[in-house]
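S.K.: Got a structure for you, questions after.
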Amino acid sequence: MLSVNYTALFVHHDGMTVYADRLTPASVTDKPPVVMIHGGGHSGACYLLTADNRPGWAHRFAAAGYPVWLPDWPGCGRSGDVPFADLTGERVCAALRAVLAEVAVASPTGKIVLMTHSMSGAMGWKLIEQKRPLIDRVVAVAPGPPGNIQPEATVIEETDDEVVVESFGMMCRLSRDRAYAGGREFVTHKLIGTSKRFPEGTFGAYAGHVAAVPPRLLCERQNIGGSQLTIDNLSAFDGLPVMVFTGSDDTDHPKDIDGAVVDWLIAAGAKAEYWWLPDRGVDGNGHMLMMEENSDELADMIIGWVG
């Protein structure tokens, strides 16, 4: 394993600034950079540190010779303010496209490996459509589906100020102009769920780390009114290697849900593989795989596929 250097930088685009951590091997390698995009309620820090304070996936990848970039979505984490009314998935993708272009300049091949998690899954599918020439392969960890195949949300009630939806057995009351902070119920139900791999005794510290999710982005994730990002040019996926990587105890990502994403990818021409972890002899993981007790083992599985 190689030693790792750390730097950070800002990437500015169209009135938005993206902060990104950057971890690089101490010795130069010819391996492509990996851009790890966080999910809702998190920042790039979820790849830096596990819930029990061990070095996270970013360190593991960099030590294996891969430069790693960890952008925070615009308007989230350390990337500064974007008015909620303007903060849509399309705008997040626009800012992340600028990051991908910056990373590709520094790549020995001019290409990158794209990793998404959860809510950023739909952003990743859109980025592939928009920046396919820069993307060598994709790792989609428990990814949100594209609007092409995601059913619209079940709306329980709706006003000018808020909407109430049902999602995987959990009722969510979403404001149209305030960020959603689901609190302990959200962390318990969705992020940890029935995981048997989440480090014991870390719930309080982890729950305190989870941030609120901007309202328009969350409404898109729920596909309220068909608002989720959709893909128009499916030919962008032709021949693209994609791994969908999902644990057995992820409340919102049972086997058939993420399996449907893989089927859609294959139909679009991608070389898609479904790594449902029980099929690989790994049981008990929930939604936050990069922060769980067997995170190093999971990282090494992904590194083996990328390499």
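The values are calculated or read from the model by the stated rules, or taken from the named source; none is laboratory data. Because the structure is predicted, anything quoted here is derived from the model rather than measured. Neighbour counts run over all protein chains shown; Cβ positions are idealised from the backbone, glycine included.
S.K.: Which condition number in (1) of a type in the set (A, V, I, L, M); (2) within 15 Å of Val34 (Cα to Cα); (3) in a loop (DSSP other than H, G, I, E, B) is the one that Ile149 fails?
M.R.: (2)
S.K.: Inspect the stretch 155-167 for any residue being assigned to a loop (DSSP other than H, G, I, E, B), free of Cβ contacts under 8 Å to residues at least 12 places away in the same chain and over 23 Å from Met36 (Cα atoms) and give the result as yes or no.
M.R.: yes
S.K.: How many residues does the stretch 23-53 hold that are under 21 Å from Trp73 (Cβ atoms) and either over 18 Å from the mean Cα position of the chain (by Cα) or part of a strand (DSSP E or B) (or both)?
M.R.: Selection size over the stretch 23-53: 6.
S.K.: Working only within the stretch 85-110, note down all residues that are surrounded by 17 or more Cβ atoms within 10 Å (Cβ to Cβ) and either part of a loop (DSSP other than H, G, I, E, B) or at pLDDT below 95 (or both).
M.R.: Leu87, Thr88, Ser107
S.K.: Let me ask something else about it. Only one residue in Val155, Val210, Val187 is of a type in the set (A, V, I, L, M, F, W, C), over 22 Å from Asp86 (Cα atoms) and surrounded by fewer than 15 Cβ atoms within 10 Å (Cβ to Cβ), so which one is that?
M.R.: Details: Val210 fails: surrounded by fewer than 15 Cβ atoms within 10 Å (Cβ to Cβ); Val187 fails: surrounded by fewer than 15 Cβ atoms within 10 Å (Cβ to Cβ).
Answer to the check: Val155.
S.K.: If I filter the stretch 223-243 for residues that are part of a helix (DSSP H, G or I), out of contact with any Gly (no Cβ under 7 Å at 6 or more places or on another chain), more than 25 Å from Val34 (Cα to Cα) and not aromatic (Phe, Trp, Tyr), do I get at least one hit?
M.R.: Scanning the stretch 223-243, I find at least one residue that is part of a helix (DSSP H, G or I), out of contact with any Gly (no Cβ under 7 Å at 6 or more places or on another chain), more than 25 Å from Val34 (Cα to Cα) and not aromatic (Phe, Trp, Tyr), so the answer is yes.
S.K.: Right, next: Of the conditions (1) farther than 23 Å from Pro55 by Cα; (2) at pLDDT 95 or above; (3) not in a loop (DSSP other than H, G, I, E, B), Leu218 clears all except one; give me its number.
M.R.: If we test Leu218 against (1) farther than 23 Å from Pro55 by Cα; (2) at pLDDT 95 or above; (3) not in a loop (DSSP other than H, G, I, E, B), just (2) comes out false.
S.K.: Just one of Asp250, Asp232, Asp258 is surrounded by 23 or more Cβ atoms within 10 Å (Cβ to Cβ) and farther than 16 Å from Lys196 by Cβ; which is it? Outline the logic, then answer.
M.R.: Details: Asp250 fails: farther than 16 Å from Lys196 by Cβ; Asp232 fails: surrounded by 23 or more Cβ atoms within 10 Å (Cβ to Cβ).
Residue meeting the stated conditions: Asp258.
S.K.: Would you mind finding the one in Leu174, Leu127 that is under 22 Å from Asp86 (Cα atoms) and without any contact (Cβ under 8 Å) to a residue 40 or more places away in the chain?
M.R.: Numbers: Leu174 fails: without any contact (Cβ under 8 Å) to a residue 40 or more places away in the chain.
That would be Leu127, the only listed residue that is under 22 Å from Asp86 (Cα atoms) and without any contact (Cβ under 8 Å) to a residue 40 or more places away in the chain.
S.K.: Is there a residue being without any contact (Cβ under 8 Å) to a residue 24 or more places away in the chain, under 29 Å from Gly147 (Cβ atoms) and of a type outside the set (Val, Ile, Thr) anywhere in the stretch 284-297? Break it down stepwise before answering.
M.R.: Filtering the stretch 284-297 down to residues without any contact (Cβ under 8 Å) to a residue 24 or more places away in the chain leaves 297.
Cutting the leftovers down to under 29 Å from Gly147 (Cβ atoms) gives us none.
No.
S.K.: Scanning the stretch 34-50 for residues that are buried (at least 24 other Cβ atoms within 10 Å of the Cβ) and either of a type in the set (A, V, I, L, M) or touching a Phe, Trp or Tyr at 6+ places or on another chain (Cβ under 6 Å) (or both), which turns out farthest from Leu100 (Cα to Cα)?
M.R.: For the stretch 34-50, the residue satisfying everything is Tyr47.
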